[in-house]
Every structure is written in structure tokens, then in C-alpha cells.
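Before any comments, here is the structure.
The values are calculated or read from the model by the stated rules, or taken from the named source; none is laboratory data. In this text the structure is predicted, and so the values were computed from the model without any measurement. Counting neighbours? That spans all protein chains shown, and the Cβs are built from the backbone with ideal geometry, glycine included.
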Amino acid sequence: MTDRNSNWRNLALALLGLALITVAQPMQAQTVTPTASAAKEEQLLSTMKQIDGRISIPDQKASVLMQPAGQEWRKVHNTTMFWVGAVSILGMMLALTLFYTIRGRIMIDSGPSDRTILRFNGFERFVHWLTASCFIVLALSGLNVSFGKYLLLPLLGADSFSALSQLAKYAHNFLAFPFIIGLVFMFLVWVKDNIPEGGDLDWLKAGGGLMGKGHHPPAKKFNAGQKIIFWVVIGGGTVLSVTGLMLLFPFTGTVIADMQLGQTVHGILSGLIIAVMMAHIYIGSVGMEGAIDAMNTGEVDLNWAREHHSLWVEEVEAQEREADHKAKSVAAE
Amino acid sequence: MLIKRKSGEATRTRLQAMANGLSSGVLDRRSFLTQSGLALGGVAAIGSIQLGAVRQAQAGPVNRAAPVEIRKNICTHCSVGCSVTAEVQNGVWIGQEPSWDSPINRGTHCAKGASVRELVHGDRRIKYPMKLVNGEWQRLSWETAISEISGKMTEIRDKSGADSVFMLGSAKMSNEGAYLFRKFGAFWGTNSIDHQARICHSTTVAGVANTWGYGAQTNSYNDIRNAKTIIIMGGNPAEAHPVSLQHVLSGKEINRANLFVIDPRFTRTAAHATEFVRIRPGTDIPIIWGMLHHIFANGWEDKDFIAKRVYGMDEVRKEVAKWTPEEVERVTGVPGEQLKRVAQTFATQKPSTLIWCMGATQKTVGTANVRAYCTLLLATGNVGSQGTGANIFRGHCNVQGATDMGLDVTNLPLYYGLVEGAWKHWSRVWEVEYDYLQSRFDEVPAKGGRPARTRKQNMETSGIPSTRWFDAATLPSEDVDQRDNVKAMFIMGHGGNTVTRMPEMSKGIERLELLVVCDPHPTTFAIHGERKNGTYLLPICTQFETSGSRTASNRSIQWGEKVVEPIFESKDDFEVIYRFAQKLGFADKMFKNIKVENNHPVPEDILREINRGGWSTGYTGQSPERLKTHMANQKDFDLVTLRAKDGPAKGDYYGLPWPCWGTPEVKHPGTHILYNTNLNVRDGGGAFRPRFGVEYQGKTLLAEGSYSLGSELTDGYPEFTFGIFKRLGWDADLTESELATINKIGGNNVDAVSWAIDLSGGIQRVCLKHGVSPFGNGKARAIAWNLPDPVPVHREPIYSPRPDLVAKYPTRPDGRELRMPNRGGSVQKAAVDTGVAKKFPIVLTSGRLVEYEGGGEETRSNKWLAELQQDMFVEINTNDAAERGIREGQWVWVKGPESDSKAKVKALVTDRVGRGVAFMPFHFGGWFQGVDQRAKYPKGTDPIVLGEAVNGVTTYGYDPVTGMQETKVTLCQIEAA
Amino acid sequence: MARMKFLCDADRCIECNACVTACKNEHEVPWGINRRRVVTINDGKPGERSVSMACMHCTDAPCQAVCPVDCFLTTADGVVLHSKDLCIGCGYCFYACPFGAPQYPKTGNFGSRGKMDKCTYCAGGPEADNSPEEYAKYGANRLAQGKLPICAEMCSTKALLAGDSEMIATIYKERVLKRGYGSGAWGWKVAYRETIAV
């Protein structure tokens, strides 16, 4: 029986009333026994999810007398969300550690060349780091909200932890906006290179060539793995943004149940995305020689590029040749 | 994890904890108020909370080193009379604790009572005297204000006569204040001195007094605990008198009592009824006669009671016979079977009590309604014993007392009337020449075809009721039955938005040469109409800033002690009245027997003067000392009987409910239940009062075979005079000094000296000795031949939603009452002829909200209360709203059938009101006809919440007996705004 | 040790709002924050009941369980208190609370909600009993003075009961037996996982 529902019900009743009125009878008498017909809590709770009524103060959310759903939210929050987050993040850490132990750092097979090639221009890198830095702070401050009291509180003590958490909350609230802007740019800049293609399946079948040395399935500017990351970031980021905004602006077009759902989605999804992003960060830094350069200087080693993005390099070289050719022919004329 | 040092077993008292001292520095009240951040207005404060703010406690930290005193006063908001226990430190009211010992509220409060502390911290109070000069408010000194106002009053008096100054007192005054103001009116020379009782229970007082003697609740709130059947008809005590519901619901639970609520509206009270009966507004008499129809038809009436104690019931039977169940249903909408069930229960499952409020009284048939109610009680024998009675819940905290004190246009204090004997009685009490008083009144020239009046005749002529003051200012002088129109209003504690027909009132207020508003807050009077000059605002303190007694609805009188000194420059009623009397030149005479200290009359001394003159109503035994003893020993009084079981007041009823016969030394315990023959008069017993002679049309008006317990006279008897004493030989019981006083009063007609004017109290003392009631032992009158409708007859409201019924049940024809014309008959006829009911198809009724009181300025300025009701609204039925496309919470126009009146309010779509009925609360003001008038208030004194007054759209209609206005039933139309 | 609880007897409650203003007056609670409120169910219809609601001081309180900074504490009396020094205003307690008890100085605005405020059962906060600091943040500490919450003490019809769980349950049970009806101990099942069987 939410606000909206009761509005609808009122409207329905009103319409029904209209339909029933045939004679303008100033009032109709009825036997009304208020004490005997009093509303009973048990009855109400068994038939509806929350009990609400009328209240004179303007704060209409106060008209919800009871919402036992709060208890369910608490359960989801303290068990499902907790464990999904913990397992996915710890699981990913474990997986990456294992991977590193077994596979070690993925080196450039043919060794570094003395030539580089421009992979990301300045704007692309800016967009990446804008989003990434926001994401890291959002993730850490978010994790603090979920796990801080078990991990940090005993270390820092109540006051310091609380001060930290307060800062973290402000950071989380305010960085949400640059993060969202970053998401939008990221989408606009890279969407054309991230449309899934047939080749992506081959790349996936080959395991991206990550498991063994010397074998690198061909890939364009973004391989299938990176495309997956892209869509996880865009899709997941959008959901996180929407649910996050719901929580930032409580009761703005939402009722308590919406916010509870929003928080649950936000929490669980963040855990999963953080895990995915850990893999992304790993492979983009310690996990692979030369990968970091793409987002550092934007210039990557040509050999690295040939191994991991052979089709893209061909594409770029073809373009360059064409450009050279054009230039030469212009000069010849 | 945090560690909480303590748990609930701590037993230190707050006093000790505070005495232990946790901070230093002494705060005076002013700096406390500054520190408390009260400069932030409530509304403004909402937006001013900072990012990451902690809730701001606005008072505190309290200096805990200073001692805390406990002071007891009475809540100033309704007639229940809840004690308020205040904690005071350094002259600042810092806290409020439950008053556990009070047998009336037993610690509890309603929203208003729990937030009264805010009244004396109120930053929206009037802080200093002000006057309106060319539309701007200017500050004045008290001295200048009093002298300017007095000068103007004298000028108007010289030009237009004393009656041209209309005086409006207050039901929120103490008894002493109300008495003093009535006395002020007498010394000024006018009977046009009124107060809120006019618009609340004037019809009750008239109806009840005309039936059995006194105009008051017969039993008490506490006594309702004894009832087996309770009918609440035309009242919503859950909102208007919340603490009374404690007693009602306890009775309902303990006795498994039947609780019927008969009302047009499914109120918060109705929600707790065992059965709710919805009626069409304005059909109370058909309901009562319909019930009596079943009662008489089935022989459920109390034949013995009727035979012994009721006069004229046969006349009632004739009228009742017309009200067959079919006719009742046609008129009221209530089916016969349901009414039969209610009637049978009420008549047979006794004791039964009938509770009513404004629903009965605020109608053109108000007095008749009340008389019909009384008749039902009489027919079923439900008066004068435990658990029965007319439990009339009065409105303001001292509306009973102010009525008793004669703030009424037809009375001197204590119901002595305006006849020569009454004036002479009071001139004896006041020790002032009767001729002097007479000289103060106007001579009225012959006009409008009416004969002239001498000063004496004018002195004995009722004044203009508060409902008509603006008509008295605007109608042609010929229509106003006094020397000239009303030219000035002197208002002490009365709202302006509580009287109907505000568009007409605008014209009246603009015609006034002088408007004086003495109040803690600027009432609607201060801002209504287009006045530019001649309005004065004088800051009066609340009853918490002074002391005095107040009479609760059950006639218990409670002494309230001053909690804090008057804040800002405000003064109490006593001082202001005294200073005006001084300036007007009659203070010496008026305060001859009242001690005045430092321009401040001593309230205890005023009460002693009341005691010396209040014989007729038994206001004589309640000395300030006895009342204070009661307040100090509240714990000794029984919850149900209200009698002290122990202690210094042992045997007394709480608050010495009047009549408390004889002098204080006689130690009469007061009268808990009026007309109760089951007790000796010495223990608060009594009988019906024969006020209208000993016989009428050959039939006795004295009781037959009924008398109070232990009475030496075992049959009916008339009121006692010295002459009757002599015949009974009881004159021998009088002491010498008593005899001397009686002889002095009687002069050459000593035999005529009665119990009511014997200033020695000897007659009453001897009456008690013989166990008889001083006022006699008569029959209650089912037929009141001195009233317009001796047996109540149904009359449709002026604006009836059923024009088809008007022909059969028309209102009374035009006439003149209380110096004014009453055009009700022609207004009703015109309404029918022009088809008003078609254009305005919704019945409009009005009533109280729990958060606010009266005109509402005080409570709407209280931030704790204002937060709870921020918008004026109209309750509109779900179906009516759907037909008009009106949604919950949207703005709508409520349009009235007179003067193109309209009010912009929010819609509250609810089934509380039936189809075709709308309800608006009457506490709002400050908007008029859709326009916000906040800017017109003096800076910083505007109430937090403003809104349209319901009386912006209410209409013509006056009870022929009392001039009561018709607020409970009129017509309107509602449209989306 | 007593287990303090609230019980609103809806068959007595008349929505007079005394509990609301008594609370505001005692603790100087500013506009917009309603530690206690009265909700009317089935308004204007037969069956209408009003219930006064505030923090119920739950057993195994959900607010405490979800608080990311662990700012809540349950006293030996079962009173659920919180520290405003630690609270970061995240709003989680509001999502979890079945009774809408937590209040924030700023609602619906971007950024911070401010420090959460709620009914303290008139038991102040973690500061020293009846210290000015405690009053400024949480209001009066009546429990430490041997008094019960002011809302219940001042309830016009004695509908709102506060005190030891067993005592108030007994009072309610006796009432229901005496009068023959009862609409239930509102909120008990959700707050305390028990109800008062009559």
C-alpha cells in the first residue's frame, strides 16, 4: 500500500463512486460500529507489505507506519550483499594471485622493439583516468561502507574510523558526478571500437592467448576481453549511476521500497564490478609487460601491439601507408 | 563498541542531578532567550540547518547549578482544566513535568497542553504597545497608549454615548480578570460586554438554565467513568477535549459502556464509538424527538422521575408524536431501526449521559437543541445522579468562569441578571452608590418606532452580542437600539476570525474610530479590513505569567500560580484594567475593596470580593486559601468521586465545584453533581432550581415527593427568603450579626431578602443546617414558556440544503433581539426563492483541530503546534471530490452564498464527511478571500501559520435567544483552484 | 534488568499528538524532525485507528545491524541509542528501520543528510548523563533521572505505554480482557519478534 498505490486506489474508488451515483442522495445511513470493526495489526500485515495512513505533517514519508521490508533489506544487505562482495573480490584476488604464480608476468614474446605506436590520444587517456580514478575512490569508499567496520574499525578505533568514513561518504557522493561524466565520454569515444564481431569468438576460444606463450589470437583495437570490460563498465556503470542517484536524492520520485531495491542492486553489482575491474587493472599493469604504456604515454611498443592487437596494427599501418602514399603523390605532382 | 555507563535503575532526581552542578555561569531570562536561538522563526529555521548539521537543541544548556522550582498552573487551552507542572530556574521556564497528582488529567496532556511552555518563550508575542499610524505600526509606551486610548474613549462617550464602546472580554481570562472586566463595563456604563461564550455555549447556558436552573455541566469529566451509556452528539472531544477522552474511554472499557457518537462527521471521537450515527447537519431536534418517539411508544421513559421532578412533559409528547420514524428518516437520514436501538439503549441501560458541544449550540436553533437534549435526559431520568447528566464540554480554559463572572450582555456577575435588584446587590457588594452606577449609562432617544429609554431602563437592557458588533457599527443608527452605533471596540483576549460573516465584518472594522486589541498575540482584529489609523495593540501576558483562579467545565475552580514574570513589556489583565480605570477616573470607586499593590490589583483580593457577592451561584465558599490548599494536595482527591479522602481538604470535592454554599468558614465541600438528591446538600446534594415561580397555569413547579437526602423538608419548596425562614421558625438559627446584615439589606422589606442577596451568608448557612437547598426544590421544565419555542420545534437552517423542507420547518420570522434586528426569516426565504441550494450544494460545517485553539493566533504562533498543521484545509467527501476532479492536497476555492465570499484552502479528500458535506477547521486566519495578509502584521508578530478563516465564507443566522451565530451548518460550493 | 519497550494501545489513541509535542518540547527537537508521529489508518472509515510511532527500540535492532560505522548501542535496558559523533548520515538505518524512526536534519537534499536523529527513549546518548553536551545532541535524559519517556507519561488517554516489557504487556492484556477488544500490540511482532497473546 504505497503512496502511489493508495492514490490509484483513491482514484479507482472515486471512479467507482461516480459510476454508482445515480440519485444525488445527500448521504446514506449505514450501521457503523467503529469499535467492533477496528483495524487490526495482524490482519493488515498479513494482507499488505506495509501499513500506511494519514499524517498531518508535510513529511509524507512519515505516513508509512510500518514497513517490515526493512528487516528483509537488512537481511539482504548483511548476508547476500556481504557475501557476494566478499567472495567475488577475495575470489578474484585469489584467482589473480594464482594466475600470476602460474603464468607469471606476460612478457612481450619478441621483446621490446625500438618503435612505438600511438594507441590512445590525450583525450582518451584523460577520459580513462578520470573514470578510473573516480572509480577507485568510489570503490574504496563503497567497500568501506560495507566492510570497513570489520576491517578498519578495529584498527583505527571508532572516532578515526568514523571521521574517515565521513570523508569517504562525501567523496563517494561528490565523485559520483565526474564518474558519470567519464562514463558518458568513454561510451562516446570507444563505442565504435567495441561493437562485438565474429572475430571476438575466436579470440575467446583461444583464451585470449593468455594461458600460453607465443600464441596470440588476432584482435583489433580492442580484443574481446577488453570489449567485455567496456560493456561491463558502461552497463554496470549506468546501473550503478542510476541506483546511486536514487540514493543521493532520497524520496525524489521514489518510495522507501525503491530505495531499498536500489541499494541492494547498487551494493551487489558494485562487488561484482570491482572484481572485474581488479582483473582489468591486473592485466593492464603488473600482469602484462607494456600494457601500462597505453594509458601512460599512449604510445605502446610496436611488438606488444603486434602481439596483442595485430589487426589494429595492420589497420594503423595500412592507414599510414595510404597517408604516406598520398603525401608522396602530392609531393610528386 | 560503545559503552553506556548507566542504565535505567538510576534514581537520582532531576533536582539532585542539577544541583550537583555541571556548568557555571548564571543566565538571566533575557540572555537565555537570546541564547536559545529563538530569533530563528520556525519556518525560516527549516532552511537554515547546515550541511552535516547535528539537530540544534534550541534551549539549553541549562545551568544545572541553580535550583529548580516547581510551579503549578492550569493549561490555558480548554475547559478540561489540566494541571501544568512547570520547572522554573532563574525565572525561566525550563521544563514541564507530568502533573500526576491532578485528578483531572493525572499527568497527561494533549498536543497543546504538552507545549504550553512555548507560549511564554514565544518570540512572536506582541512585545510592546503599538499603534497604527497611516498604515504603519509604531511603538508606544504604556503610559502614552493608555492615555491616548482613554482620551479617545471619553471623546466617543461624549459624542455617542457609553454604549458606543463595545467591550469584548475573554474566556481565557481568570475568574478575577473576567470579573474585573465585567465590573469595568458596569463602571463605564454599558452592558455590551461579551466574550467567547456567546459563540460557544451561550445557547447551552440559556437552554440548560431555563430547564433546571443553572447553565453548566451537571456532572464532570471524571463522573463519565460511571456511565453505562454515553451519547456524544455534536461534539468531537477527541480533538477539542482530548484529556476528557481518558475518562470517557476508561468508562467505556471498565463498564463496557455503550458509546454512541451522533454527528454529521466521522470524527476521531467517532472512531472509538461502539456505534456511529451519521446525521444531516442541523437536524438535532428531529433526532432527539425521534428517539423520544420510540421511548414514549415503548414506555421506556422514567415515569417516576417525570412525575416527581419534571414539569410539562405532556406538551413534549404532543410535539414528539409528530416525529414518526419515517419523518425522522426523511429529515435526518437516520433509519428508524438504528435510532430505536440508540433510544432503547439510552433509556434502559442506565446511567446514561449525554455529551454535547458546538454541534448543538452554534445554530439558529441552538437554544432549542439544548432544551431538546435536556428533555431527553429528563424523560429517561438521567439527571442528578452518578454517571448521568448533561455533560456539556465547554470550550476555553475559563469559559465557564468568565460566563459565571458575567462577561455576558444579559447578566451581572454570577447570573444576577440586569434587574434593579441585581444592580443593587452588586452596588452593596462594591460599596458604591447605585445612583452613581446608573448615572454612567446612556439615555436612549426614541428611534425606529421604539420608545425612548431612561438611564435606568438602559441599565436594565441587555447589550449587543459579540456576533453582531459589526452590524451595530454599519447598520443605520435607527436599526441599532441604543444612542448611537458602535464606534469603538475594546477587546481583551478575543479573536476576530471566530465570528461569522467576515466580509461584513471588514466594513464594520473600517467604520470603527478606535480599535484596542489587548492580547499576547495580534489577533485577526489587528490586521483585518483596511484600517490605517486608530488601532492599538497592547501586550497582555498569558495566564502563566500571572496568578488567579479558573473554572473548568465541571465547575471545579483551580488556582494557577504565576510561573514566570510577564515577558517583554506585557502586563496582566488586572493591571491593564486598573490603569484604564484610573485614567478614566473611576479606579477609586471600582477598587474600593480590592488591594492594589504597585498599580497591580491583588488577584486573591479580587476573588474575596467575588466570594462576598457570589451567593446566587455558590461562588462564596471558594476562598483563595481553600483553592490553594486543593492545588497543593491534589493527590488526596479520588479519581471518580473527586472527593478528598484525606489531608487538609478532606471531604471537599476537587476545586470546590460551584455551588459551594455559604462562607468559606462553613466549609461546604462544593457540588460535584448538580441536582443530586442522593446526597445531603451539606455533601454536595441538591435539587432542581425553581427559578420561574412556584406554579404555572395551575400546576405546581415544585418537586413532588422528591427531595435531597437528609432534607428536613420532604417535598418541593421554593427558594428561601427571610420571610420563609420566619414562617419555618428558622430565623432563630441566624446569628445576631447575620440578622443585622439581613435587616440592613432588606430595609423596610426584610422578608424579601433572599439566599441570593443575603451578604451575611446566614440564610445559606441555616439552609445547610436543615439539609435544604437554598434555591429551593423545584421541577425541571420540559416547557419553557418564556422562550420563543416553549417546546423545541425543528427549524431548518437559514441556508438549508433541503429547500423542500423549509416550507414545513421554516426558521422563525424576522424579529429584534438584543438591540439588533434578526432578519433570519427573510434571508432563509430569499435563499429558497433564489435556489441557493442548487448553486451551493454542499453543506459546510466547522470545528476544532486538536493542535489549535479558538481563533488560533496563539497556537499558530507556537512552533511545536504549528508544525503539525501547516495548511488550512477543507474536508471534502471522496465522491464530491471525484465529481469535481479535486485531488488530495490541491488548492481549492470554497465559495459561500453571501457577499461573493470565497476561501482558498487545500483539499483533504476523506470519508470523514458524508457525501454532500464539507468541513473546515475554524482556527485559521491571516488570509482573506484568497489573499495572504502576512505583511499587515507588526514585524515579527505574525503567526507561523496563516490561512483562510472559515468565517470568511460563513453566513447569516442568529439564535433568537442569545444571538448565537450559525457556524455549524451553511452552504458552499467547492471548486478546484 | 528491565527491558524497556513502547506499546501503543490503538483502541485508546485519539491522535491528539500530545506525544509529539511533549517530545519536541522536552528535547527541543527542531522543525522537520519528528522523533514521534501519529499515523491514522483507514482515516474516516469504520475501522479507523491511530497509532503513535517512534523508534521501538527493537530486539536485535536492524539499524544497529546495518550501520556501517557501528554507531549504535543497546543499553542493558534494551534502549537503542546512537552516537552522533560517529554517525555519518548514510541513511542505511532508515532503509532498515521498519518504523521510519531515523530522522535527518536534511531530507531529500543532495550531499549530506546530517547526523541521524531519533527517539532516545528519553535516555540521552553516550555522553555523561544530563550533561549539556548530551542535551545539545540528544535532548533530556529522563531515564537517568528515574523517569519514563515524556511522550508516554503525558499521553492524554494513556494509550501510549512505556516501561518494562512485562509490566506494560500485563497492563495491555488486562485492558483487553476487561473491555473485550484489542487491535494488537502494534509493531511488537516486527520489533521484538513476539506479540501479546490475550
May I ask you to verify whether A:LEU245 is touching a Ser or Thr at 6+ places or on another chain (Cβ under 7 Å), aliphatic (A, V, I, L, M), in a helix (DSSP H, G or I) and touching a residue at least 40 places away in the same chain (Cβ under 8 Å)? no
Please verify whether the range B:291-309 includes one or more residues that are surrounded by 24 or more Cβ atoms within 10 Å (Cβ to Cβ), among the basic types (Lys, Arg), part of a helix (DSSP H, G or I) and touching a Phe, Trp or Tyr at 6+ places or on another chain (Cβ under 8 Å). yes
Residues in the range B:256-271 that are outside any loop (DSSP other than H, G, I, E, B) and in contact with an Asp or Glu (Cβ under 7 Å, 6 or more places away or on another chain) total 3
For the range B:888-910, which positions are under 20 Å from B:GLN869 (Cβ atoms) and not in a strand (DSSP E or B)? B:GLU888, B:GLY889, B:GLN890, B:THR910
Give the residue that is nearest to B:THR834 (Cα to Cα), with candidates limited to residues of the range B:855-902 that are touching a strand residue (DSSP E or B) at 6+ places or on another chain (Cβ under 7 Å) and among the aromatic types (Phe, Trp, Tyr). B:TRP893
Step by step: first the residues of the range B:717-753, then only those that are in a loop (DSSP other than H, G, I, E, B) and touching a Pro at 6+ places or on another chain (Cβ under 9 Å), then the one that is surrounded by the fewest Cβ atoms within 10 Å (Cβ to Cβ). Which residue is that? B:PRO718
Pick out the one residue from B:VAL832, B:VAL806 that is touching a Lys or Arg at 6+ places or on another chain (Cβ under 9 Å), surrounded by fewer than 24 Cβ atoms within 10 Å (Cβ to Cβ) and among the hydrophobic types (A, V, I, L, M, F, W, C). B:VAL806
Filter the range A:120-159 down to the residues that are within 16 Å of A:GLY244 (Cβ to Cβ), in contact with a Leu (Cβ under 7 Å, 6 or more places away or on another chain) and among the aliphatic types (A, V, I, L, M) and list them by number. A:VAL137, A:LEU138
Quick one: what pairs do we get from the range B:319-336, first residue assigned by TED's automatic domain parsing to the domain that holds B:LEU376 and crowded, with 23+ Cβ neighbours inside 10 Å, second in a loop (DSSP other than H, G, I, E, B) and of a type in the set (Val, Ile, Thr), C-beta under 8 Å, 6+ apart or different chains? B:VAL328/B:VAL334; B:VAL331/B:THR283; B:THR332/B:ILE279; B:THR332/B:THR283; B:VAL334/B:ILE279
Determine if the range B:563-578 includes at least one residue that is of a type in the set (Gly, Ala, Ser) and more than 25 Å from B:MET405 (Cβ to Cβ). no
In this structure, does B:LEU818 turn out to be outside the structural domain of B:GLU478 (by TED's automatic domain parsing), touching a Pro at 6+ places or on another chain (Cβ under 6 Å), over 28 Å from B:GLY705 (Cα atoms) and not charged (D, E, K, R)? yes
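Yes/no per residue for (1) of a type in the set (A, V, I, L, M, F, W, C); (2) surrounded by 15 or more Cβ atoms within 10 Å (Cβ to Cβ); (3) not in a strand (DSSP E or B):
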position	(1), (2), (3)
A:TYR282	no, yes, yes
A:ALA291	yes, yes, yes
A:VAL300	yes, yes, no
A:ASN303	no, yes, yes
A:TRP312	yes, yes, yes
A:GLU315	no, no, yes
A:ALA318	yes, no, yes
A:GLU322	no, no, yes
A:LYS328	no, no, yes
Among the residues of the range B:919-959, the number that are surrounded by fewer than 24 Cβ atoms within 10 Å (Cβ to Cβ), closer than 13 Å to B:MET502 by Cβ and in contact with a Leu (Cβ under 9 Å, 6 or more places away or on another chain) is 2
For the range B:127-171, please list each of the strands (runs of 3 or more DSSP E) lying entirely inside it that holds at least 2 residues being within 16 Å of B:PRO938 (Cα to Cα). B:130-133, B:136-139
I'm checking my understanding of the structure. Among residues of the range B:878-906 that are among the hydroxyl-bearing types (Ser, Thr, Tyr) and under 16 Å from B:GLY930 (Cα atoms), which one is nearest to the other protein chains (Cβ to nearest Cβ)? B:SER901
Suppose the filter is part of a loop (DSSP other than H, G, I, E, B), charged (D, E, K, R) and not assigned by TED's automatic domain parsing to the domain that holds B:PRO522; does B:GLU875 pass it? no
Filtering the range A:156-197 down to residues that are away from every other protein chain (no Cβ under 14 Å) and buried (at least 18 other Cβ atoms within 10 Å of the Cβ) yields A:PHE179, A:GLY182, A:LEU183, A:MET186, A:TRP190, A:ASN194
Show me the helices (runs of 4 or more DSSP H) entirely contained within the range B:175-249 in which 2 or more residues are of a type in the set (Ser, Thr, Tyr). B:202-212
Tell me, yes or no, whether the range B:446-455 has at least one residue that is farther than 18 Å from B:ARG691 by Cβ and β-branched (Val, Ile, Thr). yes
The residue that is modelled with the lowest pLDDT, considering only those in the range C:110-152 that are over 17 Å from the mean Cα position of the chain (by Cα) and more than 9 Å from chain B (Cβ to nearest Cβ), is C:PHE110
Could you please let me know if B:ARG428 is more than 30 Å from B:LEU475 (Cβ to Cβ) and modelled with pLDDT of 95 or more? yes
Which of the residues that make up the range B:572-590 are buried (at least 22 other Cβ atoms within 10 Å of the Cβ) and outside any helix (DSSP H, G or I)? B:ASP572
Considering residues of the range B:404-455 that are charged (D, E, K, R) and part of a loop (DSSP other than H, G, I, E, B) only, the residue surrounded by the most Cβ atoms within 10 Å (Cβ to Cβ): B:ASP408
Against the conditions (1) in a loop (DSSP other than H, G, I, E, B); (2) at pLDDT below 95, where does C:MET56 fall short? Just the number, please. (2)
Residues that are more than 9 Å from every other protein chain (Cβ to nearest Cβ) and within 14 Å of the chain's Cα centre (by Cα), drawn from the range C:59-81: C:THR59, C:ALA61, C:GLY78, C:VAL80
Name, by its number, the condition in (1) surrounded by 17 or more Cβ atoms within 10 Å (Cβ to Cβ); (2) in a helix (DSSP H, G or I); (3) within 12 Å of another protein chain (Cβ to nearest Cβ) that does not hold for A:PRO250. (2)
Which of the residues belonging to the range B:594-633 are part of a helix (DSSP H, G or I) and of a type in the set (Gly, Ala, Ser)? B:GLY613, B:SER616, B:ALA632
